[in-house]
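Worksheet for the structure shown next.
Please treat every number below as a calculation from the coordinates, not as lab data. Quick caveat: nothing in here was measured; it's all calculated off a predicted structure. Note: ideal-geometry Cβ built from the backbone for every residue, glycine included; neighbour counts use all protein chains shown.
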Amino acid sequence: MAEESNGKNGGGQKDAPAAGQNGSGNGVGLLSRVRTKVAVGVKEDLQTLKADMPAKVKEQVEIVKDPTKTQIYTSIFRHKHDDTPRNRALGVLSNVFLHLHPAKINRDAVRYSYTWGMGGITFYLFIVLTFTGVLLMYYYHPTKVQAFRDVLYLEHDVPFGKILRNMHRWAAHLMVIAVWLHMYRVFLTGSYKKPREFNWNVGVILLVLTLLLSFTGYLLPDDQLGFWAVTVGTNMARATPLLGHEGPFGHQLGMTPYNDIRFGLLGGSIVDANALLRSYIWHCIGIPIVASIFMIVHFWRVRKDGGISGPAPVMLSSEVKEPKK
Ligand code: HEM
């Protein structure tokens, strides 16, 4: 029956009013009123669009011509970019990364011939070491059974393992060389003098931490070279004043081979599994964290001490303005 009635009415839109006529007059009125309203609304919208179009197109063309005037641009960059000293300074100050640098610097103080770039290179090598070191940690276990095997595995089987290990080794050697050269240049340029005495001392701590990083890394491959280097190195700790059992006043303070500073460093009285684990933790966690904190202080102090030292600022002849007559 349902099929029959559908067939009769045809089911199309045309038949809807007819169906309405049969039963609901109100429905027809409402539908036609809505239709008229929609038609009028669409017509009005089209007219408004037509009227506004030229202005809107013009606006878009202006944006394409000069995007620096848009709201989105001015919300990000709050100053102009015309090449004036003020805008250049604002460019540095209002950038989250660049604002770590001074807005203005003495051109001669940052010449490579003056700084040798060695402080920056030391820091760069530290970043390389952190990155490659974290990757090495994915393959290395600090245990007597595994350590040397992991190194062999890295050298021969891990894809790019050899280059990864060697990047870490070479960057470590270079960092030690770079930090010495940096200190040498600071000394040669007299930059340790007032007002930079404090930063020189921070630097000395950084030097010691760099050497300790190098030393603790030495034991990690657990090869003969590292084992004997650490044996010799930690034997020196026996003679530490007060804290070593063979050092001045050590005996009087009750130091023995089983409670002195060497024992603390090795986690025992011989270079063995505990020493390997302790080296690993100092090398990968302890010293890098302490060194990072001191580096932050070091860089902050370079700025607070008036930027990198250097000859008095000079002007190029092209910058000297003719006096007004
Ligand atoms: C991890 C080690 C170190 C890092 C990453 C580091 C980094 C830097 C950087 C980037 C600068 C800016 C100037 C430049 O590059 O020459 C600087 C300046 C300075 N550093 Fe270091 N440094 C380190 C170790 C040392 C050491 C060992 C000393 C001295 C014992 C030292 C003393 C100074 C002083 C006094 C300045 C100011 C120099 C000036 O104003 O001309 N730093 N350091």
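Neighbouring Cβ atoms within 10 Å as the yardstick, rank V208, V145, V302 fewest first.
V145, V208, V302
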Cα-based shape type of the chain, given that a ≥ b ≥ c are square roots of the gyration tensor eigenvalues and the cut on a/c is 1.5: oblate
Percent RCO, i.e. relative contact order, over the stretch 115-304, from Cα pairs under 8 Å lying at least 6 residues apart: 21
Label point distance in nm, I127-I270, each placed 7 Å from Cα along Cα→Cβ: 4.5
Average Cα contact separation per residue, the stretch 60-149, under 8 Å, 6 or more apart, as relative contact order %: 10
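When a/c is below 1.5 the answer is rounded, else prolate if a/b is larger than b/c, else oblate, so apply that to the stretch 115-304 with a ≥ b ≥ c taken from the square roots of the Cα gyration tensor eigenvalues.
Working: a/c = 2.42, a/b = 1.11, b/c = 2.18.
It comes out oblate by the Cα gyration axes.
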The stretch 248-325: C-alpha gyration tensor shape, a/c 1.5 cut-off, then a/b vs b/c: prolate
Entries in K80/K304; K43/K65; K37/K69; K37/K58; K104/K321; K104/K194 that, when Cα-Cα distance is taken, lie over 30 Å: K43/K65; K37/K69; K37/K58
Helical segments meeting 20 Å axial Cα length and Kyte-Doolittle -1.0 threshold in the chain (DSSP H): 25-65, 118-137, 161-188, 197-219, 287-304
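Given the rule -39500 (n - 2.57) for each run of at least 4 DSSP H residues, summed and divided by the residues of the chain, what is its mean residue ellipticity at 222 nm, to the nearest 500 deg cm²/dmol?
So the calculated ellipticity at 222 nm is -20500 deg cm²/dmol.
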Under 10 Å, Cβ to Cβ, from P257 - net charge with Lys/Arg +1 and Asp/Glu -1: 0
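Provide the packing ranking of 209-216, 71-78, i.e. peptides ordered by the mean count of other C-beta atoms within 10 Å per residue, highest first.
Working: 209-216: 19.0, 71-78: 9.8.
By packing density, highest mean first, the sequence is 209-216, 71-78.
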Theoretical gain in end-to-end length, H79 to K144 [0.36 nm per residue, Cα-Cα removed]: 17.4 nm
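Defining a contact as two alpha carbons under 8 Å apart and six or more residues distant in sequence, what relative contact order in percent does the chain show?
15
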